[in-house]
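The values are calculated or read from the model by the stated rules, or taken from the named source; none is laboratory data. All of these numbers come straight from a predicted model, not from anything done at the bench. Neighbour counts are summed over all protein chains in view; Cβ atoms, including those assigned to glycine, are modelled from backbone coordinates with ideal geometry.
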Amino acid sequence: MYYIITVILIIGYSSVSALGIYTLYFMIKNRGEIRLSIMGILSIITLANAIFIYSPLFLLSILFYYSETANLLLWKATIILGFLSIIVTSLIYSFILEYKKAPFLPFFYFTVLSGLVIGQLFSPSAIGLVKTASISEGDFIWDVSQINYTYEMITGILIILLQTSLVVFLIILSLLIHKHSRNQEITRYLIANSFIFSIPILFYIFYVFIPLSFLRDFHLILLWLNIIGVSITLIRRPHLFLVLTNKIYYVNIYHKSGVLLYSYKFEETENEADSAIWGNILIGLNHILSEFINKKDQIDVLQTKKSEIVVNYDDLGFAVVVITNQKNEILENLMKQFKHRFKERYRGELEEIQDLNKLINVSEFQETKEIIEESFEMYL
């Protein structure tokens, strides 16, 4: 049976690494089109670590015997890399919930606990290596049950505590994302993925309790299945989770005179009184908009209690104003792309109304709806 597991591990890693190479190639090649953000970069780092660092070290520590010292060093490296991978995944979930913001206390707790684990790993007795057969240095181990790792009690407790905390934190984050998401049908998959992701971690926790080699091997195989699911998602829908909690309420295009050329409403706000607040702020913007072309210090973000007003100016005398719950570079890139499309589509009309005394016919800009829906498709 254990020979079969060895073959499965070799074939499985070959398949996962091939898919991983293609996924990373796809993400890097299409980074402009998919608007690769900090979350995309973190996803690439996590994927690369799991496939090209963690998995090879894991396999080398159970399929080959170099020496007790070398094998233990490889195994300890997988423990550290595994923690880092889960922590980065937690960071990605935190950024989905609130862009580029991570809760201080949980990550401080994870950092301290990780430090305690790493410090404990320097103890010679922290982890032991057990051989169930006569193995010489340099041997390839066809029967993976012949080599095993045991954990000293304190080391095991710290590892279990850290991994359990991270799993619980991921599930809590996924539930919060689901609560605040504008597309809860999609976030159901995120919740399911959190539970699926926890399964290989649970097998590792069981292995720490009871060092049976099949628990360790199933941990790796289930991790690969999870990686396959993540890779397919990144290829098919690379920015699926990037804007789940990022909402757009309005996209408005203003002439420099303050005239509203076009307004597009995405969804209702949490408080209808916000409309009056936005109106007053935008009236106050009129003076800024009338003079912004020659300004070096332009106001590009205004904040209310429940929203942010992001402004992107153009030298043809108009400004794109997006009212959102939070500003991020994904939204800013979409605004730039929209501004360029709008400018090219209405260049003639915009050049005709450079004179502030000229009457503006806003009906000429009615086709703006199509440009907005094309540019901000991921928010619809």
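Which ones in segment 117-147 are in a strand (DSSP E or B) and surrounded by 14 or more Cβ atoms within 10 Å (Cβ to Cβ)? Before you say what the answer is, go through the steps one by one.
Initially, segment 117-147 is screened for residues in a strand (DSSP E or B), giving 127-131, 139-140, 147.
Matches in segment 117-147: Ile127, Gly128, Leu129, Asp139, Ile147.
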Exercise. Is it true that some residue in segment 350-357 is under 18 Å from Gly317 (Cα atoms), among the hydrophobic types (A, V, I, L, M, F, W, C) and in contact (Cβ under 8 Å) with a residue 40 or more places away in the chain?
Worked result: yes
Within segment 305-320, restricting to residues that are touching a Ser or Thr at 6+ places or on another chain (Cβ under 9 Å) and not acidic (Asp, Glu), the one that is surrounded by the fewest Cβ atoms within 10 Å (Cβ to Cβ) is Lys306
Of Tyr22, Tyr65, the only residue that is modelled with pLDDT of 90 or more, of a type in the set (Ser, Thr, Tyr) and under 15 Å from Ile227 (Cα atoms) is Tyr22
Within segment 58-116, residues being outside any helix (DSSP H, G or I) and not basic (Lys, Arg) number 8
Restricting attention to segment 148-177, the residues that are outside any helix (DSSP H, G or I), in contact with a helix residue (DSSP H, G or I) (Cβ under 6 Å, 6 or more places away or on another chain) and not aromatic (Phe, Trp, Tyr) number exactly 1
Exactly one of Ser55, Ser61, Ser85 is within 20 Å of the chain's Cα centre (by Cα) and either assigned by TED's automatic domain parsing to the domain that holds Leu161 or within 25 Å of Phe203 (Cβ to Cβ) (or both), and that residue is Ser85
Within segment 342-377, residues within 37 Å of the chain's Cα centre (by Cα) and either buried (at least 16 other Cβ atoms within 10 Å of the Cβ) or assigned to a loop (DSSP other than H, G, I, E, B) (or both) come out as Phe342, Tyr346, Phe365, Gln366, Glu367, Thr368, Ile371, Ile372, Ser375, Phe376
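Scan Ser181, Ser231 and give me the residue that is farther than 18 Å from Leu161 by Cβ and at pLDDT below 80. Spell out how you get there, then give the answer.
Working: Ser231 fails: at pLDDT below 80.
Matching residue, one of Ser181, Ser231: Ser181.
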